[in-house]
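The values are calculated or read from the model by the stated rules, or taken from the named source; none is laboratory data. The model shown is predicted, which means the values in this text are computed figures rather than measured ones. Neighbour counts run over all protein chains shown; Cβ positions are idealised from the backbone, glycine included. For accessibility, only protein heavy atoms count, side chains too; no ligands or nucleic acids. Shrake-Rupley method; radii C 1.70, N 1.55, O 1.52, S 1.80 Å.
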Amino acid sequence: MATVIQNTETSKDKYTTYRELTGRHKLAMKHGFFFEALLIDYAVLEDRLAAFLWAAGALNDIDRFGLGNKRNKTQLFELYSAYTGKDKLANLKNISAKIDMVLAMISFAETEYDGDDRYLTALHKGLQKLDLESLKADLAELHSWREYRNEVIHGAMTKNIYSLYEELEDKAALGLAYARTIDKESQKLKRQKHIRRSVNMPSKK
């Protein structure tokens with residue numbers, strides 16, 4: 001399906017968009033436009049979660065959301081299923097599925113792995129370089145943050161206005177804070193090029 005708005009085409013485009021939107025978030029917070037800040041939060045969170053999954057080899061292409069490739073799809077689904085208890089993978093376009101996939105990887109990294117699968121060995125080793133406790137804590141809170149954001153976006157007109165405003169500023173600030181944690185750890189993981197190379201994925205976007 002064709003997009004209405006032109007996509008970024010280069011890493012320079014991507015950086016410009018990221019810088020501009022995070023700059024708008026700062027202005028929105030300063031001047032009290034917290035609804036706009038929440039919109040930007042969600043966009044940045046989606047993007048940074050996708051960047052993490054790309055670095056971890058769970059996305060072959062940053063703009064497509066099929067799970068892995070033929071060399072690691074089965075292994076990735078087994079990690080996801082072991083963590084969630086589900087026998088079917090949710091669509092990775094969905095932010096909740098992205099969160100669960102990252103949490104599944106963290107759960108895997110917290111256990112010993114002595115198998116001989118090339119990808120899982122590389123992934124386990126790469127994940128040890130991250131601050132997994134900080135990442136896991138923020139992702140656990142992100143589920144409840146997302147529920148709050150969804151109520152605001154989809155049901156604001158049904159809410160008591162004073163209750164709605166009570167947490168709006170804090171939630172708008174928290175969203176970007178969570179995104180920055182994910183970004184910090186995804187940048188570390190991106191440097192672990194052996195993960196993607198283990199399944200013959202390009203290590204540059």
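Among the residues making up region 124-149, those that are part of a loop (DSSP other than H, G, I, E, B) and open to solvent by 60 Å² or more (accessible area, probe 1.4 Å) are Gln128, Lys129, Asp131. Among the residues examined, Ala43 does not qualify as farther than 26 Å from Arg149 by Cβ, among the aliphatic types (A, V, I, L, M), open to solvent by 10 Å² or more (accessible area, probe 1.4 Å) and in contact (Cβ under 8 Å) with a residue 12 or more places away in the chain.
A quick yes/no check of all residues on (1) modelled with pLDDT under 95; (2) assigned to a loop (DSSP other than H, G, I, E, B); (3) open to solvent by less than 90 Å² (accessible area, probe 1.4 Å):
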| site | (1), (2), (3) |
| --- | --- |
| Tyr119 | no, no, yes |
| Ala122 | no, no, yes |
| His154 | yes, no, no |
| Asp170 | no, no, no |
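Against the conditions (1) without any contact (Cβ under 8 Å) to a residue 12 or more places away in the chain; (2) touching a Leu at 6+ places or on another chain (Cβ under 8 Å); (3) open to solvent by less than 40 Å² (accessible area, probe 1.4 Å); (4) part of a loop (DSSP other than H, G, I, E, B), Ala90 satisfies every one except (2).
Residue-by-condition table, conditions (1) small (Gly, Ala, Ser); (2) under 21 Å from Glu141 (Cα atoms); (3) at pLDDT 95 or above; (4) in contact with a strand residue (DSSP E or B) (Cβ under 8 Å, 6 or more places away or on another chain):
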| position | (1), (2), (3), (4) |
| --- | --- |
| Ser11 | yes, no, no, no |
| His31 | no, no, yes, no |
| Tyr42 | no, yes, yes, no |
| Phe52 | no, yes, yes, no |
| Arg64 | no, no, no, no |
| Arg71 | no, no, yes, no |
| Leu92 | no, yes, no, yes |
| Ser96 | yes, yes, no, no |
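Might you check whether a residue that is open to solvent by less than 90 Å² (accessible area, probe 1.4 Å), of a type in the set (Gly, Ala, Ser), in contact (Cβ under 8 Å) with a residue 24 or more places away in the chain and within 16 Å of Ile62 (Cβ to Cβ) occurs anywhere in region 187-203? No, region 187-203 contains no residue that is open to solvent by less than 90 Å² (accessible area, probe 1.4 Å), of a type in the set (Gly, Ala, Ser), in contact (Cβ under 8 Å) with a residue 24 or more places away in the chain and within 16 Å of Ile62 (Cβ to Cβ).
On the given criteria, is Glu36 open to solvent by 20 Å² or more (accessible area, probe 1.4 Å), more than 25 Å from Tyr148 (Cα to Cα) and outside any strand (DSSP E or B)? The answer is no for Glu36.
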